[in-house]
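Engineer: Following this message is one structure expressed as structure tokens.
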Amino acid sequence: MAAATSSSGAARGVRILDPEEVRRRAAPWTSLGVDGADREEEAAGRARARARECDVYVGHGGDARRMAAWLRAELELLGVPCVAADRRRCGDAPAHAAARAAVDAAVVGVVLVTPTTLRNPYAVEEVRAFLDRGALVPVFVGVRRGDFVAEDVVAGRGDLWEKYGGHLWMAYDGLEEEWREAVEGLARAEPAVEVRVGDLRDRVLDVLEILGARLGRRAMSPAVRAWRAEAGLEIPFPWNTGFVGREKELLDLESMLRGGARAHDKASRNRPMHPNGAFVSEWPFLDGAVCISGASGAGKTELALEFAHRHWHEYKKVLWVHGEARYLRQSYLKLADHLGIAVGDSFLQSTGRATARSLHNIEGDAIAKINKELARDIPYLVVIDNLESEKDWWDRRAVGELLPRGCRRTRVIVTTWLAGGIEGVRTLALGDLDASNAMRLMKGSTRALSEDDTAILRDIQETVGGVPLGLALVGAMLSEVPIGPAELRGAMRRAPHRAPTWEARDDAALRDNLGLVQLLDACFALLGREAAGLEEVSLRLLEASSFFAPVPIPAAMLVDATHAAVAVETPWKRFKRTMKLPCASPRAPSFAGSAEQEALAMLLRLGVVRRSTREGCVSVHGVFRLFSRKIGSGRAARAVVDAVAAAAAQGGAARNADDHTWAACLSLFRFDAPAASVELPAPELARFVTGSVLPLAARCLAGYSACGAALELLREATDGVFEAEEKYVGAPRRSSNGGAYVELDPKVYRELARARAELLVARARVMMRAGERAVAKDNCQSAINILEVVSGDWHPATLAVRAFLEQDVLVQTMNGVEPTTV
């Protein structure tokens with residue numbers, strides 16, 4: 001079987017060999033300067049010298065350039081000297097000589113064997129050379145090892161050689177004995193790797209493991225095993241087996257990612273034209289990047305997920321970035337962990353010898369390192385999901401600065417509700433589903449419907465504006481709840497059962513779509529009929545999810561926060577709950593009441609909540625989060641902050657823990673809002689700052705150089721603690737009977753003051769790294785003044801801050817070091 005021509009592969013849109021048009025326009029290419037481009041004698045000499053030092057030679061006949069480049073880049077990243085070449089394309093004698101020197105010097109030779117390899121005299125020569133030395137590792141791309149029978153090739157027997165055989169012998173134009181020796185050697189070579197449809201990544205890793213064993217490099221095998229172990233967690237959600245329609249859009253997406261026009265535009269030869277009749281060139285667009293635009297609920301994420309699941313094997317990793325405004329830059333910087341590079345900076349350590357640098361430049365360098373890694377010949381698929389703005393929320397910089405440029409192999413997909421997409425990026429606008437697929441979504445798993453029911457479903461489709469998210473919810477309700485289309489439409493017409501209050505900044509896809517609001521309203525009202533309290537608990541669970549970060553949420557934490565949001569708790573009840581919370585693992589059932597568990601199970605069946613590939617985690621679509629927050633009581637915000645704080649107090653190492661801590665900080669501190677959503681009592685606020693805020697800021701700075709967000713967090717937390725301190729000290733203190741004056745608790749005041757001092761010191765260290773020594777000096781002096789009052793002049797904390805001020809801040813200030821711009 002020729003894997004490249006597999007019908008199943010064509011149906012899924014996967015490929016192994018390079019497309020014909022890519023092979024035709026491919027420039028001469030090798031590695032390490034062996035490409036005929038350097039015609040100077042000195043350059044040719046350097047190329048030969050580097051070629052003689054290589055450990056691995058990767059030969060290919062031009063049909064598998066992408067895989068050859070991938071292997072070469074991986075080997076170089078692992079520290080293995082490597083040359084990859086298509087010797088037919090070497091432009092001059094020095095290039096040929098360098099390539100031949102690499103063949104002679106290589107310890108192991110990898111030859112990518114395609115159906116046309118046997119007509120390439122250079123490939124046949126490489127096969128024979130490495131066979132004679134017992135150093136050949138053939139990789140069969142689009143063919144099987146058992147297909148290599150010389151007589152079958154010459155006679156054109158079998159499906160494969162009927163298409164490719166016969167003429168190969170004529171095109172080879174060499175000695176028949178040598179040619180047959182190469183064919184028979186390929187058939188019996190060990191070890192060998194066969195690349196088939198859907199397993200390109202795994203076979204590349206197999207080749208790396210084989211080469212590691214051959215070269216005696218023990219470190220390669222653990223690295224490959226680590227890459228394999230992470231594969232199941234790359235894409236945040238499982239493959240949607242109920243994906244409907246969008247086949248044309250998937251073809252368009254694949255075509256546009258490769259730098260071309262849409263697939264149907266190619267077929268009809270439609271290209272955009274100026275009024276004067278000239279074709280519009282697409283060169284200003286960023287290569288390998290596509291922006292999928294559409295309203296919330298249109299299916300942008302589902303399209304990206306479907307593409308990722310169909311094509312994951314073509315990439316080393318699928319890198320998923322959360323594009324929500326407050327989380328985008330940090331999520332992108334966290335790609336460094338997946339790429340295996342370090343981008344952090346020693347902000348919070350002693351800065352006496354550190355060179356002052358602009359915070360903007362430090363963060364920019366971290367992004368540049370990530371983009372440099374993505375620009376290698378190693379293919380990655382980067383998905384930036386749910387981009388909310390073209391400007392960064394923290395510093396208003398253009399989001400386009402994040403996107404990697406000059407990437408030959410990496411592809412970037414951005415999903416956004418912005419109508420115009422992103423400037424300089426090709427845009428694929430999602431429209432409504434066609435009538436047949438829309439009806440399939442609304443029917444769900446129900447059996448055949450009558451003509452009247454079908455007409456009612458069409459009426460519902462028109463009412464909700466054809467939004468696929470709403471259509472899928474209709475199908476889930478008809479499948480999971482014993483109601484018919486007529487009853488569902490009747491419940492929608494009786495809406496509103498509750499009236500949300502909208503603001504201009506709310507998502508227009510829900511705010512301006514009354515029909516979709518009526519559908520959501522009716523669905524929850526119908527749930528209340530199924531079980532007592534199910535409606536209220538379901539809405540409370542969704543409201544709690546809206547105060548977490550828009551990333552997968554541990555189900556146990558979500559259920560507990562939902563349970564705690566029922567009513568205001570006493571301090572004793574809250575203490576017992578927070579002590580129990582960290583003891584429950586994400587996979588264990590929550591200790592909360594069964595009502596929340598039942599509501600979560602129902603919402604999972606309806607698709608309102610969806611499971612994540614992270615074990616024990618779930619996620620909620622933004623439309624449902626917004627609807628529930630608009631009709632909720634607001635008590636869930638406090639419950640979520642408590643749950644996050646309790647997890648952090650126990651060393652919460654759960655995935656996405658930092659993101660949820662950020663969400664709690666955004667609720668607790670003001671930032672750009674007129675007021676904070678949550679107000680903690682003074683003792684709890686002090687513990688939250690020392691247990692969550694300061695460690696979070698330290699990880700942001702030292703872990704991935706998220707300077708802007710971390711510094712803003714420290715500022716807001718300082719202001720928040722200061723306001724809480726003033727309120728605590730200045731609050732009227734009378735006993736319950738209005739009699740004697742009640743003194744404030746000095747322990748609580750000391751905790752607040754120490755928390756503020758720690759925040760000031762952290763800010764001083766950041767300012768020192770940025771070269772703002774005057775600001776650092778003021779922050780340190782303020783912290784010392786606070787600590788001298790609450791701890792004493794000779795307390796270790798006071799002495800540590802004073803030493804930092806004297807040894808780092810003042811010394812560099814007296815030395816006349818020039819400040820830099822933050």
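Engineer: What is the calculated FRET efficiency for residue 504 to residue 679, with r their C-beta to C-beta distance and R₀ = 25 Å, to the nearest 0.05?
Structural biologist: Efficiency at R0 = 25 Å is approximately 0.45.
Engineer: Order of 206-215, 537-546 by packing, highest average Cβ count within 10 Å first?
Structural biologist: Per-residue mean Cβ counts within 10 Å order the peptides as 537-546, 206-215.
Engineer: Can you send over the solvent-accessible area of residue 180, 1.4 Å probe, protein chains only, in Å² to the nearest 10?
Structural biologist: Only protein atoms counted, so the area is about 50 Å².
Engineer: Can you give the FRET efficiency to the nearest 0.05 for residue 391 and residue 180, using r as the Cβ-Cβ distance and R₀ = 51 Å?
Structural biologist: Efficiency, rounded to the nearest 0.05: 0.20.
Engineer: What whole number of Å gives the distance from the Cα centroid of segment 612-639 to the Cα centroid of segment 748-808?
Structural biologist: For segment 748-808 versus segment 612-639, the Cα centre distance is 39 Å.
Engineer: How do the peptides 375-385, 520-530 rank, highest first, by the average count of neighbouring beta carbon atoms within 10 Å per residue?
Structural biologist: The peptides rank, most packed first, as 375-385, 520-530.
The values are calculated or read from the model by the stated rules, or taken from the named source; none is laboratory data. None of these values were measured; they are calculated from a predicted model. Note that we place each Cβ from the backbone using ideal geometry, even for glycine, and neighbour counts take in every protein chain shown. Surface accessibility is based on the protein's heavy atoms, side chains included, excluding ligands, DNA and RNA. Shrake-Rupley method; radii C 1.70, N 1.55, O 1.52, S 1.80 Å.
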